[in-house]
Each structure stands twice: as C-alpha cells, then as structure tokens.
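Everything below concerns the one structure shown next.
Throughout, read-outs are computed from the coordinates displayed, never taken from laboratory work. In this text, all values refer to a predicted model and were calculated from it rather than measured experimentally. FYI the Cβ positions are ideal-geometry reconstructions off the backbone, even for glycines, and counts take in every protein chain you see.
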Amino acid sequence: MAGMCLDRPHFLASESPAFTGEAVKHLALDPEVYVFNGKSLSIWALSDICGYTVADGTRPHWVNH
C-alpha cells in the first residue's frame, strides 16, 4: 500500500499534512484573520499570502504544477 501513488506524477505535488498544519497555524496566529471570513481558501493560495513553506523549503502549488 505504501508508495501506491508514487507512480502518479501529480501526487508528488500534493500538500502534506505538515503543509496543511502550517496553514492552520498561520490562520490561528494572524490577528487579522477576519479578512478571510466567508472566503474559501486553498492551502497553496494561503501560502502565497502568508509566505510559509514545507519543512524542506518547498511550497506545493497545485495550480502552478
């Protein structure tokens, strides 16, 4: 089961749980989080706004992949 998606090239550009956690952390710590009220955000768009990356320094971005 492990590695079953590694033969799919787009899977490698998907977000990790750590990247999702960074999004949650940035939203939780942002004193102006209210600007996102009522909006639907993608994790990669939020990373563009907030500037966070995954631990290895990459920024998975499905649209740019």
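In a solvent-free Debye calculation with one equal scatterer on each Cα, what is log10 I(q)/I(0) for segment 19-65 at q = 0.15, 0.17, 0.33 Å⁻¹, listed in the order of the q values?
-0.37, -0.47, -1.40
Highest first, please rank the peptides 15-25, 32-42 by the mean number of other Cβ atoms sitting within 10 Å of their residues.
Result, highest mean Cβ count within 10 Å first: 15-25, 32-42.
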